[in-house]
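> One structure, as structure tokens, below. Some questions next.
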Amino acid sequence: MTLDHLLLEKQDKIAWVSINRPKKLNALNQAVLAELNSLFLALNEDENVRVIVLTGSGEKAFVAGADISEFAEFDAAEGEALSRQGHEKVFDLIAKTQKPVIAAINGFALGGGLELALSCHVRIASSNAKMGLPETSLGVIPGYGGTQRLPQLIGRGRATELIITGRMMNAEEALQTGLVTQVVAQEDLLATAASLAEKIMQNSPNAVAQALKAVASGYAEGVDGFSEEIKRFGACFGHPEFIEGTQAFLGKRKANF
Ligand code: COA
């Protein structure tokens with residue numbers, strides 16, 4: 001796979017993915033979105049990867065949004081197609097990845113950039129990060145899941161206020177609202193992501209994947225999250241990792257997953 005706009009490094013079962021257009025504040029153009037699609041499809045299948053960390057190149061931005069220069073001339077049908085393809089090929093794909101995806105927000109995460117972070121399973125931020133959905137200032141609305149995933153995370157009132165004012169949140173406010181779970185100095189961000197990944201990797205990959213599915217099912221239309229939890233709970237039994245986890249506990253040793 002050729003990656004021209006993403007950087008990929010795999011180390012100790014962690015895949016480090018950086019959006020790499022720093023001169024354009026890592027804005028998501030079609031080329032970046034196509035590479036994200038191919039890469040996440042591949043990482044999902046990669047047995048040497050257990051956690052994915054997504055970040056932005058440079059010190060200024062995670063991602064400053066969808067590339068405005070690409071859609072400024074679009075009509076309604078083209079706009080709808082842009083949003084639908086983005087949902088299906090990238091944002092839903094990331095949200096449905098069976099391995100935890102951590103967004104390490106290292107600067108501006110605006111519009112499609114915040115939506116990219118929202119499609120990840122966990123978000124941490126550097127203290128200089130600024131997050132928002134400024135689309136209404138451009139005469140459009142968030143089209144990559146922001147109107148749905150932001151209210152799910154921080155509540156409808158707060159999300160609506162952010163969307164219709166288009167204002168930016170700083171990292172402290174993002175922490176208080178639950179949009180991110182940790183805020184650290186920029187130079188410590190990747191090490192913090194690595195510790196989080198290592199903590200996750202002490203647990204059963206199968207159980208982690210089942211947990212991701214069970215949590216997501218509560219937000220899927222027409223799916224009863226509680227029923228899904230019962231099924232996913234049952235599906236863990238008999239799995240070799242369940243045997244290892246329970247035997248390790250009973251044998252007073254550390255499980256080896
Ligand atoms: N789409 C396309 N290009 C973008 C972009 C975006 N979403 N965000 C930034 N860029 C480009 C700028 O056009 C500029 O390119 P240039 O050097 O060729 O002129 C470059 O990135 C640097 O951005 P600049 O605006 O000069 O940096 P700044 O520090 O003055 O401002 C921001 C930073 C993030 C406040 C500002 O870039 C911005 O408001 N970006 C758009 C955010 C947005 O509305 N996103 C939602 C899109 S749906």
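> If I ask for residues that are surrounded by fewer than 24 Cβ atoms within 10 Å (Cβ to Cβ) and in contact with a Pro (Cβ under 8 Å, 6 or more places away or on another chain), which ones from the stretch 94-127 would you list?
Once the filter is applied, which keeps residues that are surrounded by fewer than 24 Cβ atoms within 10 Å (Cβ to Cβ) and in contact with a Pro (Cβ under 8 Å, 6 or more places away or on another chain), the stretch 94-127 yields LYS99, HIS121, VAL122.
> Can you pull out every residue in the stretch 114-147 that is of a type in the set (Gly, Ala, Ser) and under 22 Å from ALA194 (Cβ atoms)?
Listed by number, the residues that qualify are ALA117, SER119, ALA125, SER126, SER127, ALA129.
> Which residue, of THR181, THR160, is in contact with a strand residue (DSSP E or B) (Cβ under 7 Å, 6 or more places away or on another chain) and either basic (Lys, Arg) or surrounded by fewer than 16 Cβ atoms within 10 Å (Cβ to Cβ) (or both)?
THR181
> I'd like to know if the stretch 216-235 contains one or more residues that are under 18 Å from the mean Cα position of the chain (by Cα), under 23 Å from ARG50 (Cβ atoms) and not assigned by TED's automatic domain parsing to the domain that holds ALA95.
Within the stretch 216-235 (the criterion being under 18 Å from the mean Cα position of the chain (by Cα), under 23 Å from ARG50 (Cβ atoms) and not assigned by TED's automatic domain parsing to the domain that holds ALA95), the answer is yes, since at least one residue qualifies.
> Inside the stretch 191-257, counting only helices (runs of 4 or more DSSP H) that do not spill past its ends, which hold 2 or more residues that are touching a residue at least 40 places away in the same chain (Cβ under 8 Å) and surrounded by 13 or more Cβ atoms within 10 Å (Cβ to Cβ)?
205-217, 240-250
> If you go through the stretch 21-46, how many residues are crowded, with 19+ Cβ neighbours inside 10 Å and not hydrophobic (A, V, I, L, M, F, W, C)?
Residues flagged as crowded, with 19+ Cβ neighbours inside 10 Å and not hydrophobic (A, V, I, L, M, F, W, C) within the stretch 21-46 amount to 3.
> Being surrounded by fewer than 21 Cβ atoms within 10 Å (Cβ to Cβ) and among the β-branched types (Val, Ile, Thr) is the filter; apply it to the stretch 47-71 and report the residue that is farthest from the ligand (Cβ to nearest atom).
If we take residues in the stretch 47-71 being surrounded by fewer than 21 Cβ atoms within 10 Å (Cβ to Cβ) and among the β-branched types (Val, Ile, Thr), then VAL49 is farthest from the ligand (Cβ to nearest atom).
The values are calculated or read from the model by the stated rules, or taken from the named source; none is laboratory data. What you see is a predicted model; the values in this text were computed from it and never measured. Quick reminder, even Gly has a Cβ in these numbers, built from the backbone with ideal geometry, and neighbours come from all protein chains shown.
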